[in-house]
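The structure appears right after this line, and notes come after that.
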Amino acid sequence: IQILFEDMTRFWVLLGLILACFSLFPSLLATFVFFFAALAISITLYRKYIKQNRESVLAVFMNAILDIVTALGRFLRRIRLISVVEALRFPNYLTLLLKPHPKVKYEKIQIRDDTINIIVYYPPKVKNNGVIVYTHGGGWVMFTARMYHSAVSWIAYECQMVTVSVDYARPPENPFPRPLQDIYYTVLWTQVNASKLGVDSKKVILMGDSSGGNLTAATARLHLDKLGSGHAFPPVIGQVILNSALFT
């Protein structure tokens, strides 16, 4: 089980919470105990006999557990205990329980009379000194950086890179180009404060999903255009756009 969950403390917390929830339903509790017993036996056999393709075997177990948690999230949504957004994010909660959390720090960027709120994620292990600037989705007008906490935590953990999540101002209270400017200034802030963040100002990667991917592409273009006008910041080295709306 330790191979699967990596952090035994989080495993026992998860196990305790689930046992507490299922204690009112003995039949479900028995099913749950049987499942974990079978899982423990399988992992024991795996550790003893399977030496090749370890990651693929673990992926099978993790995917099975995530499928169960996803189904649970849908069930809780069906009986109206959680919202649609919470149901969609439900599998990410398991990811946060099973893996060490990145260290989180909240920062504010002051640009004249405007304030940009950002969240900086420091993973427990840093693979390189690059940095990701993440822009959340939400149809340009919805959601916040805090709502993407589980997703960005996962990105920072898996990429092993410091990740800066932008809580940009949104319409209709803050019409375009304010959201684009907030993201652009966050990129500049990241490059200026690279030593403080422990990253390389020449290794900035932009990332965003949905409408955030659209703003990510626009920010990359704006940053490139500013380079042509002679500003002193190094270029970003790449962009990752996830299921985004892009128009040509």
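The values are calculated or read from the model by the stated rules, or taken from the named source; none is laboratory data. Because the structure is predicted, anything quoted here is derived from the model rather than measured. Methodologically, a virtual Cβ is constructed for each residue, glycine included, from the backbone with ideal geometry; neighbour enumeration extends over all protein chains shown. When the accessible area is computed, the model is the full protein with side chains, heavy atoms only, and any ligands, DNA or RNA have been set aside. Shrake-Rupley method; radii C 1.70, N 1.55, O 1.52, S 1.80 Å.
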> From the set of residues in the range 113-124 that are part of a loop (DSSP other than H, G, I, E, B) and over 20 Å from Val240 (Cβ atoms), which is least open to solvent (accessible area, probe 1.4 Å)?
Replying inline: Pro124
> Mind checking which residues of the range 155-169 are assigned to a helix (DSSP H, G or I) and surrounded by 15 or more Cβ atoms within 10 Å (Cβ to Cβ)?
Replying inline: Ile155, Ala156, Tyr157, Cys159
> Do the conditions hold for Gly198, that is, is it open to solvent by less than 40 Å² (accessible area, probe 1.4 Å) and in contact with a strand residue (DSSP E or B) (Cβ under 7 Å, 6 or more places away or on another chain)?
Replying inline: no
>> Just to be sure before I move on: is Ile241 of a type in the set (A, V, I, L, M) and either in contact with an Asp or Glu (Cβ under 8 Å, 6 or more places away or on another chain) or open to solvent by 40 Å² or more (accessible area, probe 1.4 Å) (or both) in the structure I sent?
In response: yes
> Among (1) open to solvent by less than 40 Å² (accessible area, probe 1.4 Å); (2) of a type outside the set (Val, Ile, Thr); (3) without any contact (Cβ under 8 Å) to a residue 12 or more places away in the chain, which single condition is Pro177 missing?
Replying inline: (1)
>> Residues that are of a type in the set (A, V, I, L, M) and closer than 25 Å to Lys103 by Cα, at least 1 per element: which helices (runs of 4 or more DSSP H) completely within the range 170-248 meet that?
In response: 178-192, 194-197
>> Given the condition charged (D, E, K, R) and more than 17 Å from the chain's Cα centre (by Cα), answer yes or no: does some residue in the range 179-191 qualify?
In response: yes
> In the range 186-195, what count of residues is obtained for those that are surrounded by fewer than 19 Cβ atoms within 10 Å (Cβ to Cβ) and touching a residue at least 60 places away in the same chain (Cβ under 8 Å)?
Replying inline: 0
> So, of the residues in the range 201-216 that are over 22 Å from Val162 (Cβ atoms) and of a type in the set (Gly, Ala, Ser), which turns out to be surrounded by the most Cβ atoms within 10 Å (Cβ to Cβ)?
Replying inline: Ser211
>> Condition first: in a helix (DSSP H, G or I) and either surrounded by fewer than 20 Cβ atoms within 10 Å (Cβ to Cβ) or out of contact with any Phe, Trp or Tyr (no Cβ under 7 Å at 6 or more places or on another chain) (or both). Now tell me which residues in the range 127-154 satisfy that.
In response: Arg146, Met147, Tyr148, His149, Ser150, Ala151, Trp154
